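Here the structure is laid out as structure tokens; the discussion comes afterwards.
The values are calculated or read from the model by the stated rules, or taken from the named source; none is laboratory data. Values in this document were obtained by computation on a predicted structure and should not be read as measured data. Neighbour counts run over all protein chains shown; Cβ positions are idealised from the backbone, glycine included. All accessible areas refer to the heavy atoms of the entire protein, side chains included, with ligands and DNA or RNA removed. Shrake-Rupley method; radii C 1.70, N 1.55, O 1.52, S 1.80 Å.
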Amino acid sequence: MRAWLQPLSLLLLLLAASTPLRAETGADLWLRYHALPDGPERTTYRRELETFAVTFTSPTGDTIARELTRGLTGLLGVRARRADDPRVATLVIGTTASPAIRALGWDAAFKGLGDDGFVIRRATIARAPVVVVASNGESGALYGAFHLLRLVQLRRPLDRIDVAEHPRLARRLLNHWDNLDGSIERGYAGRSFFWPEPDAGRIADYARANASIGINGSVINSVNANPQSLTPPYLQKAAAIAAILRPYKIRVYLAANFAAPRAIGGLQTNDPLDRSVAAWWRAKADEIYKLIPDFGGFVVKANSEGQPGPQDYGRTHADGANVLADALAPHGGVVMWRAFVYNADVDPDRVKRAYAEFVPLDGKFRPNVFAQVKNGPLDFQPREPFHPMFGAMPKTPLMAELQITQEYLGQSNHLVYLAPMWKEFLDADTFARGAGSPVSKVIDGTLDGQRETGIAGVANTGLDANWTGHDFGQANWYAFGRLAWNPDLQAGAIADEWIRMTWGDAPDVVATIHAIMLESREVYVHYTMPLGLHHLIGGDHYAPMPENASAQRPDWTAVYYHHADTTGIGFDRTRAGSKAVDQYRAPLADRWNDPAATPDELLLWFHHLPWDYRMRSGRTLSQEISESYNRGVLEAQALERQWATLEGHVDDERFAAVSAKLHRQVRDAADWRTKCVAFFEHARSGAGK
Ligand code: GCV
């Protein structure tokens with residue numbers, strides 16, 4: 001047997017773990033591993049888990065051992081020991097490569113789990129009862145170990161444990177919009193831990209957190225990619241980052257600038273059909289794989305918001321994606337070609353343009369190309385219908401892009417739990433193959449038989465002590481990982497896990513925070529952009545600016561979207577308007593074409609309606625808008641009051657930090673109401689014209 005902790009550090013760990021309500025910075029995320037209360041439950045866990053064996057020796061095996069030592073020692077208040085021999089352990093973590101695991105005869109259980117899946121069961125080894133975490137691969141053993149730690153954190157009994165889990169999506173990625181100078185586009189939690197110099201300690205902790213929720217890839221630079229990121233000095237840094245992430249089974253991906261052949265390669269052109277360009281990308285891929293053998297691939301933002309792309313040479317998105325895909329294919333890499341395009345020449349309605357450019361290309365992309373598509377057709381608004389590309393490109397794997405960083409949702413000042421919004425998207429029925437064709441089945445490949453599957457979340461992490469600026473931003477990182485693993489999980493269940501691990505499991509604490517979280521997204525919608533209104537902001541994407549009419553382009557204004565004037569309000573996307581409804585399938589197209597059949601939540605997304613339009617509530621549209629804003633403010637105040645009841649029930653430091661943020665949120669909500677209600681009232685009455 002081997003003890004991994006020195007006595008002094010053990011003492012400190014135990015002391016720290018057992019001090020209730022000590023000040024906390026939030027740095028430990030949901031991996032706090034605070035000691036369980038003394039009692040029979042803890043005694044049972046100690047008996048079951050005190051001595052563990054990992055059946056394989058590798059960097060990932062060592063990572064698992066370190067995490068179990070840390071986690072079990074903290075939770076059980078006794079030094080967890082690593083045994084070299086599974087026969088003397090009470091907990092065995094292994095892969096099917098190990099004779100001890102094979103001898104269990106569980107072959108049938110491993111079928112279909114892949115390398116990332118795992119089983120957790122009880123067994124008998126050397127005539128003694130053991131808990132076994134077993135997998136086909138080391139990644140599954142890692143995820144299984146974290147799953148077991150989660151079960152103990154949640155105080156689930158292990159006496160009849162029988163778990164078999166595997167992820168529904170193969171690539172579960174974070175996209176970091178981190179610039180090489182260390183700034184972060186739409187980042188609200190401090191500077192980057194990747195650039196300009198990798199912060200090794202922070203990156204290792206980041207990797208732990210990601211592995212604990214099954215995230216297995218990181219795009220480490222912004223999609224607004226600096227071509228320099230593909231030059232040797234930056235590739236060396238990427239390789240250093242990859243080395244830290246590798247034991248946690250996280251692959252590095254890079255955002256590539258389509259103009260790199262000219263910008264850093266000295267070529268005369270970036271034309272994807274030019275042979276020298278193809279050769280340049282092949283050589284670049286070879287160079288990257290020499291440095292990073294498990295490199296995941298490229299994400300590309302092309303012909304979008306001023307970024308270069310194949311259309312600069314009269315070529316299509318498929319031509320552009322394929323040249324990179326061909327370079328990566330021999331190494332097993334993929335291209336994630338973003339569909340965030342909105343060329344005004346394609347269609348007057350911005351939300352229609354991606355569909356118009358991409359759907360005709362279905363079947364023209366190489367097999368290792370994803371189209372990476374935001375959840376909605378505009379841009380991460382508080383509420384959008386799902387993007388009509390989901391279900392419309394059966395021959396192309398679609399990678400869903402969600403935004404964890406709260407660009408349009410109060411940034412790191414407002415408490416908004418995003419899982420309910422993501423569930424709305426994942427569960428939305430596309431009707432692509434008739435009723436029962438949800439987005440989740442488009443992206444997990446089951447609807448159209450895709451081999452490549454994935455989801456990406458734009459990260460909300462930075463160097464702030466608590467990682468995400470707002471302590472509740474952590475919940476969105478956590479929820480993204482859990483939904484990437486299984487899109488069918490419920491938002492409430494995910495919240496409960498996170499609350500218990502992050503704040504404690506006292507019933508009043510769990511119930512209060514649960515209620516706050518589950519309401520928070522709808523509250524935000526009510527006081528900012530109710531009834532399907534969208535983009536009522538200015539350049540900071542934070543403060544209300546319904547009067548915004550003078551951005552560089554019309555589709556960056558607010559007036560382009562709300563069309564508020566004396567006749568009414570809303571964007572007419574019906575067959576009498578922009579016809580965006582017809583990018584959706586029956587029966588959605590007909591439903592959303594008719595205001596009476598459109599849910600209130602999406603009404604002004606699809607319809608321009610008179611102010612006296614009679615709502616389901618009996619109120620006029622104009623009254624309903626004011627009512628939503630008023631309600632939102634009252635609800636925001638209620639969130640603050642609910643939180644206040646937790647004083648003394650959670651640690652003081654985080655209590656105060658969240659209280660301050662909620663206070664600001666209430667003030668901001670009132671500003672939204674004042675500004676928007678007055679603006680729309682003026683528009684209605686024609687005042688100011
Ligand atoms: C990375 C929105 C954001 C931009 C972002 C862009 C994108 O427009 O405001 O900051 O750029 O989306 O997703 O490419």
Residues meeting the amide H criterion for residue 251 (H placed from the backbone, H to H distance under 5 Å, 5 or more places apart or on another chain) are 217, 218
Per the charge dipole of the chain (beta-carbon charges, Lys/Arg positive, Asp/Glu negative, Cα centre), the residue among 580, 239, 101 reaching farthest to the positive end is 101
Taking a crude spin-label model, label points 7 Å out from Cα along the C-beta direction, the residue 647 to residue 597 distance in nm is 5.3 nm
Rounded to the nearest 10, the angle in degrees between the Cα long axis of helix 40-49 and the longest principal axis of the Cα atoms of the chain comes to 80 degrees
Between residue 204 and residue 313, the two model label points (7 Å from Cα along the beta-carbon direction) sit apart by a distance in nm of 4.4 nm
For segment 457-466, in residue order, the Karplus 3J(HN,Hα) values (coefficients 6.51, -1.76, 1.60; θ = phi - 60°; whole Hz; Gly and Pro = x) are x, 6, 5, 10, 9, x, 7, 3, 3, 8
Residues whose built amide H sits under 5 Å from the amide H of residue 213, excluding neighbours closer than 5 in sequence, are none
Calc'd 3J(HN,Hα), segment 255-272, phi into Karplus 6.51 cos²θ - 1.76 cosθ + 1.60 (θ = phi - 60°), Hz, glycine/Pro = x, comes to 7, 10, 8, 5, 8, 4, x, 7, 5, 10, x, x, 7, 8, 8, 10, 4, x
Under the Karplus relation with 6.51, -1.76 and 1.60 and θ = phi - 60°, whole-Hz ³J(HN,Hα) for segment 549-554, x at Gly and Pro, equal 10, 10, 6, 4, 9, x
Between the alpha carbon centres of segment 171-225 and segment 264-332 the gap in Å comes to 23 Å
For segment 281-356, the Cα-Cα pair-distance distribution in 10 Å bins from 0, as whole percents, is 19, 43, 25, 11, 2
Between the Cα axis of helix 317-328 and the main Cα principal axis of the chain, the angle (0 to 90°, nearest 10) is 20 degrees
Under the helix-only model (-39500 (n - 2.57) for each DSSP H run of 4 or more, divided by the residues of the chain), the mean residue ellipticity at 222 nm, to 500 deg cm²/dmol, is -12000 deg cm²/dmol
Along the dipole axis of the chain (charges at Cβ: +1 for Lys and Arg, -1 for Asp and Glu; origin at the Cα centre), the most positive-end residue among 625, 227, 295 is 295
log10 I(q)/I(0) for segment 191-245, Debye formula on C-alpha points only (no solvent), q = 0.20, 0.27 Å⁻¹, two decimals, reads -0.74, -1.19
Simple spin-label estimate for residue 41/residue 343, 7 Å along Cα→Cβ, in nm, reads 6.0 nm
Taking R0 as 41 Å and r as the Cβ-Cβ distance between residue 84 and residue 163, the FRET efficiency 1/(1 + (r/R0)^6), rounded to the nearest 0.05, comes to 0.95
The helix 138-153 Cα axis meets the longest alpha-carbon principal axis of the chain at an angle in degrees, between 0 and 90 and rounded to 10, of 90 degrees
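Structure shown: which of 111/237; 237/364; 111/301; 374/675; 237/661 lie over 31 Å apart, alpha-carbon to alpha-carbon?
In this structure, 111/237; 237/364; 111/301; 237/661 exceed 31 Å between Cα atoms.
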Net charge near residue 178 (other residues with Cβ under 15 Å of its Cβ; Lys, Arg +1; Asp, Glu -1) is -1
Expressed in µm² per second, the diffusion coefficient of segment 416-456 from the Stokes-Einstein equation, with Rh the Kirkwood radius over alpha carbon pairs, at 25 °C and 0.890 mPa s, is 228 µm²/s
Contour minus Cα-Cα span, residue 273 to residue 550, at 0.36 nm per residue, comes to 95.8 nm
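State the extension gain, in nm to one decimal, for the chain segment bounded by residue 590 and residue 362, taking 0.36 nm per residue of separation less the distance between their alpha-carbons.
So the extension gain works out to 79.6 nm.
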The long-range amide H neighbours of residue 579, using H built 1.01 Å from N in the peptide plane and a cut-off of under 5 Å, are 574
D (µm²/s, integer) via Stokes-Einstein for segment 174-332, Kirkwood Rh across alpha-carbon pairs, 37 °C, 0.692 mPa s: value 206 µm²/s
For residue 249, counting only aspartates and glutamates whose alpha-carbon sits under 16 Å away and dropping same-chain residues fewer than eight positions off, the answer is 62, 67, 115, 116, 138, 205, 294
The size of the Cβ-based charge dipole (Lys, Arg +1; Asp, Glu -1) of segment 258-328 about the Cα centre, to the nearest 20 debye, is 100 debye
The Cα extents of segment 497-583 along the principal axes, largest first and rounded to whole Å, are 53, 30, 25
When the charge dipole of segment 299-404 is computed with +1 on Lys and Arg Cβ and -1 on Asp and Glu Cβ about the Cα centre, the Cα farthest towards its positive end, among 331, 377, 318, belongs to 331
Cα-based Rg and Dmax for the chain, in Å, come out at 25.9, 86
Here segment 90-193 gives, from Cα atoms, an Rg and Dmax in Å of 18.1, 58
Taking Cα atoms only, Rg over Rh for segment 228-314 with Rh from the Kirkwood formula is 1.00
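Calculate how large, on average over all directions, the projected area of the Cα convex hull of segment 338-413 is; give the answer in nm² to one decimal.
Its Cα hull, projected and averaged over all orientations, spans 5.5 nm².
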For the chain, the percent of accessible surface on carbon and sulfur atoms (probe 1.4 angstrom, ligands and nucleic acids excluded) is 52 percent
Heavy-atom accessible area per residue of the chain, all protein chains kept, 1.4 Å probe, expressed in Å², is 36 Å²
If R0 = 30 Å, then residue 66 and residue 540, at their Cβ-Cβ distance, give a FRET efficiency to the nearest 0.05 of 0.10
